[in-house]
1. Can you tell me how many residues within region 382-391 are surrounded by fewer than 16 Cβ atoms within 10 Å (Cβ to Cβ) and aliphatic (A, V, I, L, M)?
2. Can you name every residue in region 555-567 that is closer than 15 Å to PHE529 by Cα and buried (at least 18 other Cβ atoms within 10 Å of the Cβ)?
3. Among the numbered criteria (1) in contact with a Lys or Arg (Cβ under 7 Å, 6 or more places away or on another chain); (2) closer than 18 Å to VAL924 by Cβ, which single criterion is violated by ARG881?
4. Those residues that are in a helix (DSSP H, G or I) and surrounded by 18 or more Cβ atoms within 10 Å (Cβ to Cβ), I need them from region 334-354; list them, please.
5. Any chance region 668-681 includes a residue that's closer than 23 Å to ASP436 by Cα and surrounded by 17 or more Cβ atoms within 10 Å (Cβ to Cβ)?
6. Does ILE328 fit the bill of being modelled with pLDDT under 95, buried (at least 22 other Cβ atoms within 10 Å of the Cβ) and within 32 Å of the chain's Cα centre (by Cα)?
7. Tally the residues that are closer than 21 Å to LYS409 by Cα and touching a residue at least 40 places away in the same chain (Cβ under 8 Å), restricting the search to region 259-276.
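The values are calculated or read from the model by the stated rules, or taken from the named source; none is laboratory data. Note that the structure is a prediction, hence the values are computed from the model and not measured. Note that each Cβ is placed from the backbone with ideal geometry, even for glycine, and that neighbours are counted across all protein chains shown. Quick note on the areas: whole protein, heavy atoms, side chains included, nothing else; ligands and nucleic acids left out. Shrake-Rupley method; radii C 1.70, N 1.55, O 1.52, S 1.80 Å.
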Amino acid sequence: MADIKIDTKTFQERLSHFISAWKADKRSGDALFAGASSIVIMMGKVDQEQEFHKNNAMHFWLLGYEFPGTLMLFTLDTLYILTTQKKAKYLDQIKGGRFPVEVLVRGKDNAENEKLFIKITDAIKAAGKKVGVLTKDTSKGPFVDEWKKAYSENCKDVEEVDIAQALSAGAFSIKDEAELRAMRAASKACVALLTPYFLDEMSDILDQDKKIKHSALADKVFNKLEDAKFWKTVELPNRQKMPADLDPDQLDWILGPIVQSGGKYDLKWQTDANDDPLHPGIIIAAMGLRYKSYCSQIARTFMVDPNKSQESNYKFLLAVHNLILKEIRDGVAVKDVYNKALNLIRAKKPDLEKHFLKNVGYGIGLENKDPTLILSGKNSRVLRDGMTLCITTGFSDIENPDPQDKNSKVYSLVLTDTVRVTSSEVVVFTGEAPADADATSFFFKDEEEAQPTPKKEKRDSRVGAVATKNITSTRLRSERNTAPDDDAEKRRREHQKELAAKKQKEGLLKYAESTDDKNGVEVKKFKRFESYKRDNQFPPKVRDMGIVIDAKNSTIVLPVMGRPVPFHINTIKNASKSDEGEWSFLRINFLSPGQGVGRKDDQPFEDASAHFVRSLTFRSMDGDRYADIANQISNLKRESVKKEQEKKDMEDVVEQDKLIEIRNRRPAVLDNVFIRPAMEGKRVPGKVEIHQNGIRYQSPLSTTQRVDVLFSNVRHLFFQPCQNELIVIIHLHLKDPILFGKKKTKDVQFYREATDIQFDETGNRKRKYRYGDEDEFEAEQEERRRRAELDRLFKSFAEKIAEAGRNEGIEVDMPLRDLGFHGVPNRSNVYIQPTTECLIQITEPPFLVITLEDVEVAHLERVQFGLKNFDLVFVFKDFTRQPVHINTIPVESLEDVKEFLDSSDIAFSEGPLNLNWSVIMKTVLADPHQFFVDGGWGFLQNDSDDENASEEEEDEDSAFEIGESELDEASESSEEDSDYDSNASEEDSDEGDASEEEEGESWDELERKARKRDRESGLDDEDRGGKKQRKR
C-alpha cells in the first residue's frame, strides 16, 4: 500500500450523493433506509480467495481501495472511520472536505481501543434508535469480535435494520461516467477473450478433431489474461483494438472461465470447468472479469452440427433475449421484464417454460452479483438510468429428440450480456460478441445442397416438341400500341401538374433564405504548405548556398541574402531560363493575387492585401545547370499537380472495414465467374464467396488478387438473367466508390457467358447417321436448358447474398425487360431497362445505374414532329451532381418512357431543343432559393405547355397549309438533325411520298408544280438529284 492516492474530489462527491439520498428518503417516509439514523460498515480480515460484498464495495466506491480491519460509521452529519495507525496515515487525505470526516486510530492498548469503541457506540445512540447494518455480513477476525462485544454491551436498546438495498439504490447501482468507462473496458476484455481467442482455440480443436478437457481449455483462457502482448494486438469482432489506455494489470477474474459440454450443464455457474473431454455438440462458454474494481460477464452457446430442433430452440432463445433487452429501460419494474419474457415463452413454445431460468439476471458493478437487484418475477424494484445489469437468458436441461450419442441426450442454451439501462434503448457493453445463429453454429459434416428438380413443361398432344416453343400468344408481330390513349394522356398531365407543384413546394422549403449563407457556391479555402518543421531537416547541400531541389519534401531552397530560404512547390508558378551574352538567368515566378487569367486567378490567399514576392532572378555563367534546375522545377510542379488531381479524384473513395470471414463452416460459393471491372493480368474466371459481413471475389492466379465488398456499402443488388443476352449477371451498385486496382468504381459485376463456345460438335459421329434438323433441334433444347440452369444458379446465389445482407436492407432487384428501350447513355446504343428502384444498363460497360429516388426532375429533349429520336435528361436532387443524358431514344418509345416516368412519380417536361445543362445547373447552384422563388423547374414545363397550346391552336385553325417544297425542306432538315441516318429509310420515304402524290393529285396538277419547281431552282435540283443518285 505504498503508493495509495485517494481521489478526494470523487470521495466527497459520492459521499455527499449518498447522504443526500439518505436525507431524501427520510423526508419521503423511510421507505428505502428503513428509518436508520446511522449506518455501520464493518470490514474484517480479508481471505485469500477474495469475495466482494457490499462492505468491500463501499470501500472501493468511496476510497478506491480496500482497507481491511476498518470500521465505518455514517451519520447524517459525520463519517467516523476506526482503523490502524498505518491505514489512518493514508486516510488523512480525505479530511477537511465539505462533509466532516473523523479518523480514529486504534493501537495495541486494549483499554484505549475500548474507549474508541465506546465513542462509536455513543455516536450511534446519539444519532437515533435504529442503526443500519449488513445482516448477511460474513466479516471475520479479532477486530470484528471485539466490536461485536462492545456493541452488544453498549447498544442494547438500538434496533438493527438491513440497509443492503439502500446501499445498492443510494450508492452502487447508478453509475457515473468513470464507473461506466471501467465497465466498458471490462466488457471489451471479456469479448476479446471469448471472441476471438476462445472461439479460435475451440474451432481449431474441433476442426482437427483433437481431444481436450474442459479444464485444460479453461486454463488456456485463464492464462491468456497475463499475456500483455495479447492485449496490445487483439482485434475485437468489429475489427477495433482494445482501448489505448487499458491497463491489463488491473484485470482480474470474477467468474471462470467456465466451459461446459456433453450433457452436463450448470447455468448458475456454481461449478468450475471439470475434467470431461470437450464434446462436439452444444458447448457453453462463460467468463467474467473485473477492471478497476468493476465487473462484467459474458456467456455464449456454440452449436456444432445442430439438428433442426436445437437450431429452432436457439433462435427462440435469441428472440427471448432480444425481447428482454428491448424491455429494459428507465422506469420499468424488474418483474414486468421477467413476466413479458415468460409470456412470450408460454405463447410460442410452452414446452420450454419448465426449462426457463428462475431469473434473467442481476445487477452488476462493484459487486459481481447484487442480491437486491435480481431480475425475477417477484422483484418490484424499478430500473433507473445509469444502472448496469448482467442479463442471462437460458433454458436448462432440454431433452434432445434426435441425439447423436449418449452425451447429446440433454442440452442447455444460454446467453449472457452486460448492459446499461438508459431512458430509451439499452446499451449492450458485450454486444460486439456475435450471438446470432450463423455466428455460433459450426457445420463440419459435408451436406450437399438439395438441387430443386426442374419442372417439366406441359406438352400439347397436338404438336411436336419443337413446335411447342414456337407457339406465341399473339398473331401480330408488334404487341405495342403506338396510338396514344387520350384519357391516359389527360390523367398523366394532371398527375404531372401535381408532381411539379410538389417539387416546387419542396424546393422552397429545402432552400429557405436563412439556410444558405454561401448561395450554394463552394468557398475556396486558403491552404498552408509546410516544407520543414525544424532547421535540422534542411538538405546538407544548403551549406554551399546554391539552389537546391528537394524532391522528397516538394521544396525548392533558394539562397536569399546569404540565407537558405525554402519555398514549397505549390507556391511556385513556373521557372524559366534565358541567356544574355555569357550570362544565364534563371527566373522563378511565384503565385500572387491578381496575376494571370485562368484557374489560378481566383487562388485564395490569407491576406490578399499583403506584400508578395512576384519573382526571383538568379544569374550564373553555368547555363547547363540553370537549364537542368528549370527542368527539375517544371517536373516537380507537374508531379505536384498530378498528385493533387489524384487526391481530389480519390476524395470520395472509402476505405472499407475488413471482411469478417466465415470460419466455422464453408461459405456459399459461386464458381467459374468473371468480374467487371476486370482485374490486372490474364483474364481467368474466379469464385465469389459470401462471408459474415460481405462478399469476396478470389482470383485463382494469386491470393492477393481479390476484391472484398461489404454489405454495408451495397446500395443495390441486381440479377439479370441471360434471356436475350449473352451473359448472366449479378451486379452490385455501391454507396461509396472503392479502389479497384488503381481506379475507383461504384459498380462491381460478376457474370458468366451463357453460350458454350468451347463445345464443338463438328466432328461428332452422330452427324454421320442423322439427317435433317433433328440435331439442331436437340442443340437448341440443350441451349435453353443450360440457360435456364444458369439463371437458376445465379438467381439462387443473388438471393443468398440478399439473405446474408438482410440487416443492411439488401434485396434482389431484376430488370423489367418488357418496359425497356434503346438509347445512348455513353457511346454505344444499348438496351436500358427499369427495375423496381432504378433505371439500369449493366450488360456492357460503362454501366448506367440511376436510382429513381435520387432524381429531382426529368426532361425530354428534341420532342418534335418529324424527328425519329429524342433525348432524356435526368437532373438529380444533389445539384452538384452532373445531369445524366440518354440520347437517341427511338420516338416509338416516347409514350412508354412517359408512362414509366409518370408511374415512378418523377416530374418530367418536354421541349423541342437541346438545353445547355451546365449553364442551367450553375444558375441553380448559384442561388437555389432564388431559383425556386422564380418558379423553379417551371420554366421547362412552361416551354412544353406553350408548345402544346400552339399545337392545339394549329389543329383548330383549318386554314393553315404547307407547300410541297417547304415539306421537302422540313423533311431534309429533320433527317440532318437526326443522329442516325439510313439510306434505306430515305428510299422508302421517297417512294412513300411518290405513292402519296400519285394517289392524292392529278397528273395535270403534278406537271404544273414540277414546272414551277424547275423555274425556281434551275439546275440546282438536277445537281442535287445527281448527288443523291451517286450517294445511293
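1. 1
2. Answer for region 555-567, where residues must be closer than 15 Å to PHE529 by Cα and buried (at least 18 other Cβ atoms within 10 Å of the Cβ): THR555, ILE556, VAL557, PRO566, PHE567.
3. (1) is the only condition that ARG881 fails.
4. VAL334, VAL337, TYR338, ALA341, ILE345
5. Yes: one or more hits.
6. yes
7. 11
A quick yes/no check of all residues on (1) modelled with pLDDT of 85 or more; (2) touching an Asp or Glu at 6+ places or on another chain (Cβ under 6 Å); (3) farther than 21 Å from HIS355 by Cα; (4) open to solvent by 50 Å² or more (accessible area, probe 1.4 Å):
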| site | (1), (2), (3), (4) |
| --- | --- |
| LYS406 | yes, no, no, yes |
| LYS409 | yes, no, no, yes |
| THR422 | yes, yes, yes, no |
| ALA433 | yes, no, yes, no |
| GLU447 | no, no, yes, yes |
| ARG459 | no, no, yes, yes |
| THR472 | no, no, yes, yes |
| LEU476 | no, no, yes, yes |
| ASP487 | no, no, yes, yes |
